[in-house]
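> Take this structure first; my questions come after.
The values are calculated or read from the model by the stated rules, or taken from the named source; none is laboratory data. What you are looking at is a predicted structure, and each value in this text was computed from that prediction instead of being measured. Methodologically, a virtual Cβ is constructed for each residue, glycine included, from the backbone with ideal geometry; neighbour enumeration extends over all protein chains shown. The accessibility values were calculated without ligands, DNA or RNA, using every heavy atom of the protein model including side chains. Shrake-Rupley method; radii C 1.70, N 1.55, O 1.52, S 1.80 Å.
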Amino acid sequence: MSFGGEIALGRHAMSATQSVKLAAFVAVVAVIPWNAAAAPLPHFEFGVASEIADDRALARYYAQRGFRPIWTGAADGDRQRLDTFLRSLESAPSHGLPFGEVQIDELRSLLSSVNNPADLASAEVRTTRLYLEYASALTAGAIDPKSVHQLISRNKQKPALEYLLDGILSGDPEGFLMRLAPATTSYIGLRKKLRELEAIAAAGGWGSQVEANEVGSDASGPQVVQLRNRLIRMGYLKNSASAEFGDALYFAIKRFQTDHGLDPDGEADSATIREVNIEPDERRRQVIAALERSRWMNFPMGDQFILVNLPDYRASVIRDGKEVYGTRVVVGKSRLNLQTPEFSDEMTHVIVNPTWWVPRSISTTEVLPKLKEDPFAEPQLVIFDPEDGTPVDRLLIDFSKFDRNSFPFEMRQSPGPDNALGQVKFMFPNQFNVYMHDTPWKALFQQEARSFSHGCIRVHHANDFALFLLGMQYEDPAHLYESLVTAGAETRVNLENPLPVHITYQTAWVAPGGKINYRRDMYGRDALIYEQLVNAGLDTGFPSN
């Protein structure tokens, strides 16, 4: 390949750095099906080729279009394309993305300082790379989910380079950019709420916090006024100057409690006051984390799927965008090794009358200490030899000789009404060995915060859930299910059409009708997302009015 006199860029001889780039460029172009590869490249095109020589995919794309500009050409379409991208980049903060004025100023500075084809090529490539980074973040999130927390197992659904560049080169670049972000009503509503929260924070917030642990229904005076004023500013109550508790305040509290996952009893207890006193900046952080999580989930989730939102302690079946079944759930405790992970998988079967194979983390840390004190403790558990599954007589074991690392036996609980998994479990095989199941301990479902399990998801009305799932493939699911339960034997029932399962962690979302819902960051994962976004360049300030 010969570049002849075109190797000189402007008036300057090729530098050592450019020589390295040229060598890399030659290696890339050698395998690119570009018809003009044997001809000398003009100054600008050579500059582009040199700049992207270390990026095989980008080099291939530009080579196929003859290294012509996408943004910096003289054609009207190029100027319009660049203007559209800059305007979209300007809106990045409204998505909670770490892009905006800094990048725009950088590009404008690059473009305004162009003195030769090499400068223009650098500005072209920098624009393309920034566009690809921004468009990918807008589509699938700005940070890698797996980098946030060890129990977030999601692959970033990064769009293909060709898709993003073909889209911006289409006849409707503005429409293409608008379609990249999630189109759900919740995402759109979260963006609106983010703008509102930033405006509220810039204007001073929701006023004085309630200076009381709780405010009784018979209370009056300054604490009632503080509570009333904050609820007025949050939109839960009409303007009023009353210092008495009253019915209007009672119903406003109920509405507030419903939107914040609290028992809607109308009583301003300590949990309610704690949520009322949260400031707009903290809510803003929740919304930004929720927007990022929504981008992580910006992929086809299925026409029908199971959605478990951990902070909401709720599982739903979603069909054509609407909930067709819902139930309360209990999820993992806050301790790291007991938390419920986030991932997506596929429910393939249901097990009626399940055996509980006790996880070693439970048998050695919780059961073994009890057996050391009393070998007849936990009599419902069968101790067995893992080599052949043979039960072992407890009286023949000296439990005092073993610790959590040396204990050689395993434990199981046979099917039955007191089994820890109840009458049914719902299987979606995954790396965490997490599943959904029934439980004999129903009282926990009455708690507001339901993080009590060792990581698996306990379902409140598990029998109803089983009937719903079996009803998709059997005419009389109740008769089938009852007969299986009555038989007492462990039985696997395969789902003819496996259901996607998405275990998520949304502490903020917009419900149908436009109401914002908030839940507590029970595992602290939202804080980690926000911290990473800030480290990536997210502006932590608020726009002025």
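> Which ³J(HN,Hα) values, rounded to whole Hz and listed in residue order, are derived for region 254-265 from phi using the Karplus coefficients 6.51, -1.76 and 1.60 in 6.51 cos²θ - 1.76 cosθ + 1.60 with θ = phi - 60°, glycine and proline given as x?
4, 5, 4, 4, 4, 6, 10, x, 9, 4, x, 9
> Also, I was wondering about something else. For Cα pairs less than 8 Å apart in space and 6+ apart in sequence, what is the mean separation divided by the residue count of region 73-138, i.e. the relative contact order in percent?
That works out to 26 percent.
> When only alpha-carbon atoms are used, what values of Rg and Dmax, in angstrom, describe region 94-236?
22.8, 78
> Kirkwood hydrodynamic radius of region 410-453 from all distinct Cα pairs, in Å?
12.1 Å
> Given the C-alpha atoms of region 294-382, compute the convex hull and give its volume per residue in Å³.
152 Å³
> While we're looking at this one, here's another question. Running Debye on region 210-254 with equal point scatterers at the Cα sites and no solvent, what base-10 log of I(q)/I(0) appears at q = 0.22, 0.28 Å⁻¹?
The Cα Debye sum returns log10 ratios of -0.64, -1.08.
> Additional query: Just need the relative contact order of region 444-545 here, percent rounded to a whole number, with Cα pairs under 8 Å and 6+ apart. All intermediate terms of the calculation are to be shown ahead of the outcome.
Numbers: 30 pairs, mean separation 11.0, N = 102.
Computed value for region 444-545: 11 percent relative contact order.
> Working only with C-alpha atoms, what are the Rg and Dmax values of region 241-332, expressed in angstrom?
Here Rg and the maximum Cα pair distance are 16.9, 51 Å.
> Is there a quick way to get the dipole size of the chain? I mean about its Cα centre, with the Cβ of Lys and Arg at +1 and of Asp and Glu at -1; what is the value in debye to the nearest 20?
Charge dipole, the chain, about its Cα centre: 920 debye, nearest 20.
> Shape of region 369-429 from its Cα gyration tensor (a ≥ b ≥ c, root eigenvalues): rounded if a/c is under 1.5, otherwise prolate when a/b > b/c, or oblate?
The shape class here is prolate.
> For region 162-215, what are the per-bin percents of Cα-Cα distances with bins 5 Å wide, up to the bin holding the maximum?
P(r) for region 162-215, in whole percents per bin: 4, 15, 13, 11, 12, 13, 9, 7, 5, 4, 4, 3.
> Let me ask you something else. For region 442-507, what is the largest minus smallest coordinate of the Cα atoms on each principal axis, given in angstrom and ordered from greatest to least?
Computed over region 442-507, the largest-to-smallest principal extents equal 38, 27, 18 Å.
> Also, quick follow-up: Write down the Kirkwood hydrodynamic radius of region 92-148, to one decimal in angstroms, obtained as one divided by the mean of 1/r over all alpha carbon pairs.
12.6 Å is the Kirkwood radius here.
> Moving to a separate point now. Around residue 360, with a cut-off of 13 angstrom between Cβ atoms, what is the net charge of the other residues, counting Lys and Arg +1 and Asp and Glu -1? It would help to have the intermediate numbers written out before the result.
Values: positive: 404, 412; negative: 366, 403, 410.
Once all neighbours under 13 Å are counted, the net charge is -1.
> Could you report the accessible area of residue 540 in Å², rounded to 10, computed with a 1.4 Å probe on the protein chains as they sit in the structure?
For residue 540, the solvent-accessible surface is approximately 70 Å².
> Now for a separate question. Sequence-distant or interchain residues sharing an amide H contact under 5 Å with residue 437, placed H: which?
Answer set, sorted by chain and number: 426, 457, 458, 459.
> Here is a further query. Write down, largest first, the equivalent ellipsoid semi-axes of region 195-289 in whole Å, where each equals the square root of 5 times an eigenvalue of the alpha-carbon gyration tensor. The partial results should precede the final answer.
Details: eigenvalues 93, 43, 26 Å².
Values for region 195-289, descending: 22, 15, 11 Å.
> Percent antiparallel among DSSP beta bridges with both residues in the chain, to the nearest 5?
Close to 80 percent.
> Same structure, new question: Tell me, what is the percent relative contact order of the chain, built from C-alpha pairs under 8 Å that lie six or more residues apart?
16 percent.
> If you don't mind, another one. Name the long-range amide H neighbours of residue 349: under 5 Å, sequence gap of 5 or more, or other chain; modelled H, no Pro or chain starts.
HN-HN under 5 Å from residue 349: 427, 495.
> OK, next. Starting from the alpha-carbon convex hull of region 412-485, give the projected area averaged over all orientations, in nm². Working shown, then result.
Working: hull surface 23.8 nm².
Average projection, Cα convex hull of region 412-485: 6.0 nm².
> Just to check I understand the Karplus step: with θ = phi - 60° and J = 6.51 cos²θ - 1.76 cosθ + 1.60, what whole-Hz values come out for region 448-456, glycine and proline as x?
5, 9, 10, 10, 10, 8, 8, x, 6
> A follow-up question, please. Two-decimal Rg/Rh of region 401-545 from alpha-carbon positions, Kirkwood Rh?
Here Rg/Rh amounts to 1.08.
> Turning to a different aspect of this structure: Translational diffusion coefficient, Stokes-Einstein: compute it for region 313-358 using the Kirkwood radius over C-alpha pairs as Rh, at 37 °C and 0.692 mPa s, and state it as an integer in µm² s⁻¹.
Diffusion coefficient, whole number: 241 µm²/s.
> Counting only Cα, what are the radius of gyration and maximum Cα-Cα distance Dmax of region 49-114, in Å?
13.8, 36
> A further question on this structure: Taking Cα atoms of the chain, Rg/Rh with Kirkwood Rh, to two decimals?
1.08
> With all protein chains present, calculate the accessible area of residue 267 using a 1.4 Å probe and round the result to the nearest 10 Å².
We get 110 Å² for residue 267.
> If the convex hull of the alpha-carbon atoms of region 217-374 is projected onto planes in all directions, what is the mean projected area in square nanometres?
15.3 nm²
> Compute the Cα gyration tensor for region 121-194, then decide on rounded, prolate or oblate, letting a ≥ b ≥ c be the square roots of its eigenvalues: rounded whenever a/c is under 1.5, prolate when a/b is larger than b/c in the other cases, and oblate in all that remain.
Oblate, since a/c reaches 1.5 and b/c is not below a/b.
> Follow-up. Might you work out the accessible area of residue 403 for me, using a 1.4 Å probe with all protein chains in place, and round it to the nearest 10 Å²?
In the full protein context, residue 403 sits at about 70 Å².
> Go through region 128-137 residue by residue and turn each phi into a ³J(HN,Hα) via Karplus (6.51, -1.76, 1.60, θ = phi - 60°); whole Hz please, and just put x for glycine and proline.
Per-residue couplings from phi come out as 4, 5, 5, 4, 5, 5, 5, 5, 5, 5 Hz.
> Where does the chain land at 222 nm, in deg cm²/dmol rounded to the nearest 500, when only DSSP H runs of n ≥ 4 count, each adding -39500 (n - 2.57), divided by all residues?
-12000 deg cm²/dmol
> Before I look further, what does region 270-400 give for accessible area per residue, probe 1.4 Å, in whole square angstrom?
Values: 5710 Å² over 131 residues.
Counting only protein heavy atoms, the per-residue value for region 270-400 is 44 Å².
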